[in-house]
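Colleague: Please see the structure below; I have some questions.
Where a number appears in this text, it was derived from the coordinates with a stated rule and is not lab data. Since the structure is predicted, the reported quantities are computational estimates derived from the model, not experimental observations. Here the Cβ positions follow ideal geometry from the backbone for every residue, glycine too, while neighbour counts run over all protein chains shown.
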Amino acid sequence: MTIKLVTLKSGEDVICDLSEVSIPHENEDLEKLVAYSMNLPYVVKLANPQTLYEAVESQEPQISFFPWQPLTSDTDILIPLDWVVCITNPAKSIKDSYIDRSDMFKALRGEDETD
């Protein structure tokens, strides 16, 4: 699994198991990147975002996860390269929470967790 936090042109932050989709490059042994495949993509939202001027002892931010494309049964969704603003590694707590949720989702669908 390559869990990444992907920021899209739309401003959404999506956490997913990200992989590259490529095709053979012309006249070379190289491959050309043409899209990204997002497996089990979820939008990540801060429920109570903090600002710099808030007290240091304020409550920890609460994270909410929502299916990125809730109207499809597809678990792998291709996205064009030009829709990706940046790709980063999520914070450990967010990554762990996502893995727990994706494992539950796979179990509900009857999928093998080793996929």
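Colleague: Taking the Cα-to-Cβ direction at residue 93 and at residue 71 and moving 7 Å from each Cα, how far apart do the two end points lie in nm?
Modeller: 3.5 nm
Colleague: Sorted by average packing, counted as other Cβ atoms within 10 angstrom per residue and highest first, what order do 95-106, 66-77, 8-19 take?
Modeller: For the peptides 95-106, 66-77, 8-19, the packing ranking is 8-19, 95-106, 66-77.
Colleague: Along the stretch 77-85, what does the Karplus equation 6.51 cos²θ - 1.76 cosθ + 1.60 (θ = phi - 60°) give for ³J(HN,Hα), rounded to whole Hz, x for Gly and Pro?
Modeller: With the stated coefficients, the stretch 77-85 comes to 10, 7, 9, x, 4, 6, 9, 9, 8 Hz.
Colleague: Using the per-residue mean of other Cβ atoms lying within 10 Å as a proxy for protection, in what order, highest first, do the peptides 26-35, 79-88 fall?
Modeller: Output ranking for 26-35, 79-88: 79-88, 26-35.
Colleague: While we're looking at this one, here's another question. Name the residues whose placed amide hydrogens come within less than 5 Å of the amide hydrogen of residue 68, ignoring near sequence neighbours (fewer than 5 apart) on the same chain.
Modeller: Here the answer is 42, 43, since their amide H atoms fall under 5 Å of that of residue 68.
Colleague: Can you list the residues, at least 5 places off or on another chain, whose amide H is less than 5 Å from the amide H of residue 85, using H built in the peptide plane?
Modeller: Excluding prolines and chain starts, which carry no amide H, the hits are 7, 8, 9.
Colleague: Strictly over 20 Å apart at the Cα level, which of 45/95; 4/95; 32/106; 9/95; 45/106; 45/92 would you flag in this model?
Modeller: Details: 45/95 13 Å; 4/95 8 Å; 32/106 31 Å; 9/95 22 Å; 45/106 22 Å; 45/92 16 Å.
With Cα atoms farther than 20 Å apart: 32/106; 9/95; 45/106.
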